[in-house]
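Okay, so here's the structure we're looking at.
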There are 2 protein chains.
Amino acid sequence: MVRRQARGERRMAELQDAAAAVFAEVGYEAATTNAIAARAGVSPGTLYQFYGNKEAIAQALADRYLEQLRSAHGALTPELAHLPLDELIDRMAGPMVAVNVANPGFKALFGRADMPEQLAAPTRAVHAAVFGRIDAVLAARRPDLPAADRARTAQVTMRLFGGLVPMIVSADEGERPALVEELKKVLRGYLGPIVG
Amino acid sequence: MVRRQARGERRMAELQDAAAAVFAEVGYEAATTNAIAARAGVSPGTLYQFYGNKEAIAQALADRYLEQLRSAHGALTPELAHLPLDELIDRMAGPMVAVNVANPGFKALFGRADMPEQLAAPTRAVHAAVFGRIDAVLAARRPDLPAADRARTAQVTMRLFGGLVPMIVSADEGERPALVEELKKVLRGYLGPIVG
DNA sequence: TTGAAACACGAGCAGTCGCTCGCATTCTAC
DNA sequence: GTAGAATGCGAGCGACTGCTCGTGTTTCAA
């Protein structure tokens with residue numbers, strides 16, 4: 001790691017904020033490093049002082065995103081295994097939606113079906129983390145389920161989030177609670193027969 | 001409309017095929033018009049003889065996609081309203097999956113959460129067509145449902161397809177039937193309590 | 001106080017992209 | 001057979017991208 005001054009750390013945070021905003025507005029590919037630098041009130045050269053390339057910025061955002069997800073979800077306690085399904089779904093869906101609403105850029109970056117070849121690593125890290133989380137909860141609830149079936153269920157569950165969360169994030173604020181309720185309906189309908 | 005020779009019509013079809021392949025491989029933005037022309041075995045100038053710009057090619061693909069969806073689904077007959085839910089879901093999900101498997105490029109183009117500003121029109125056309133289809137089926141089955149609730153249900157259903165179909169398309173051929181079954185489970189679990 | 005390291009600038013490089021244009025070739029109506 | 005439209009070529013333009021580099025400024029340990 002390089003030596004950093006306090007000013008440098010501040011700049012890096014500003015650049016991350018600017019990048020998140022620009023990515024949210026125009027997507028990863030259309031976002032230009034010059035635009036990100038300008039948004040942060042900084043020259044292109046300064047941006048490259050801290051991030052070696054465009055992908056490194058996305059990587060930093062992925063790290064930040066995972067950190068927020070982790071802290072929002074809290075520790076994975078064994079008690080989750082015996083919670084009523086409704087409550088379990090509340091505990092999973094609530095933080096997931098909240099974090100994504102608070103970070104409208106992340107869905108544009110890591111919720112994509114096609115990966116622009118770069119971004120592959122950060123995207124996979126985010127997906128792997130979410131997948132692992134879901135898989136662990138399923139394993140705690142249904143230890144008897146074959147691993148292959150469990151993985152398939154976790155994958156489908158992740159895609160359900162991936163399909164519905166962006167819709168919720170981009171919806172009017174007033175419509176959001178109703179859509180969150182629909183998300184929970186979907187999860188209950190799918191997971192009920194499996195881990196009910 | 002411009003006057004076209006048979007050769008021109010053939011070229012246009014070849015360019016569409018090439019574009020579908022290139023879009024499927026690298027996505028819309030990363031696809032270059034020169035690459036599409038080369039794939040079709042023609043010069044860039046020839047491509048622009050038939051399509052005014054990159055978006056026009058995507059538009060042509062959207063039209064072709066909608067045509068395939070329409071013919072795969074057949075006419076919307078009133079009988080669908082009284083089919084058992086399981087069978088209704090088979091009739092909806094089967095063709096949807098089949099068309100997308102046959103056209104791996106379309107999910108990369110029209111299944112995206114973020115629209116690259118261009119592409120907005122073709123994407124909206126595809127979404128509107130699918131939405132209208134689902135909404136019509138829901139209306140036939142549950143005429144008593146308020147339009148707002150019906151629209152929300154249709155939107156969620158569309159997003160479920162949007163989340164799961166790309167997964168099915170990109171899965172190994174052997175794993176596909178199991179994933180299609182999961183898709184149907186999801187749809188039954190969600191739609192059962194509503195239009196069951 | 002001072003000097004080396006960290007920070008900051010911004011014109012501009014090398015490369016790529018969507019697209020153009022002048023011109024050659026092929027088709028078709030008459 | 002021939003005029004004119006349709007088709008085809010491909011070098012290359014203008015714009016823009018991610019990124020660099022020479023140079024100047026700020027910070028801070030000694």
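Observations on the structure shown:
For every residue, the table says whether it meets (1) of a type in the set (V, I, T); (2) within 16 Å of DNA strand C (Cβ to nearest atom).
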position	(1), (2)
B:R11	no, yes
B:E29	no, yes
B:Q49	no, yes
B:I57	yes, yes
B:L80	no, no
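- Summed over segment B:121-166, residues that are in a helix (DSSP H, G or I) and touching a residue at least 24 places away in the same chain (Cβ under 8 Å) total 26.
- Qualifying residue in segment B:172-179 (condition: touching a residue at least 24 places away in the same chain (Cβ under 8 Å) and more than 22 Å from B:A108 (Cα to Cα)): no
- The condition (being facing chain A (nearest Cβ under 9 Å) and within 17 Å of the chain's Cα centre (by Cα)) is satisfied by just one residue among B:G111, B:G74, B:G94: B:G111.
- Of residues in segment A:150-185 being β-branched (V, I, T) and under 15 Å from B:M167 (Cβ atoms), the one farthest from the other protein chains (Cβ to nearest Cβ): A:T157
- B:L109 vs. criteria at pLDDT 95 or above and surrounded by 17 or more Cβ atoms within 10 Å (Cβ to Cβ): no
- Selected residue (criterion: farthest from B:T32 (Cα to Cα)) from residues of segment A:136-149 that are buried (at least 19 other Cβ atoms within 10 Å of the Cβ) and more than 14 Å from every other protein chain (Cβ to nearest Cβ): A:R141
- Of all residues in segment B:10-35, none that is outside the structural domain of B:T46 (by TED's automatic domain parsing) and at negative phi has its Cβ atom under 8 Å from the Cβ atom of a residue that is assigned to a loop (DSSP other than H, G, I, E, B) and within 14 Å of DNA strand D (Cβ to nearest atom), 6 or more apart or on another chain.
- Whichever residue in segment B:28-52 is under 21 Å from A:G27 (Cα atoms) and either away from chain A (no Cβ under 14 Å) or more than 15 Å from DNA strand D (Cβ to nearest atom) (or both) and, among such residues, is farthest from the chain's Cα centre (by Cα): B:T33
The values are calculated or read from the model by the stated rules, or taken from the named source; none is laboratory data. Model, not experiment: these values are computed from the prediction. A quick note on method: Cβ atoms are made from the backbone with ideal geometry, for glycine too, and the neighbour counts reach across all protein chains shown.
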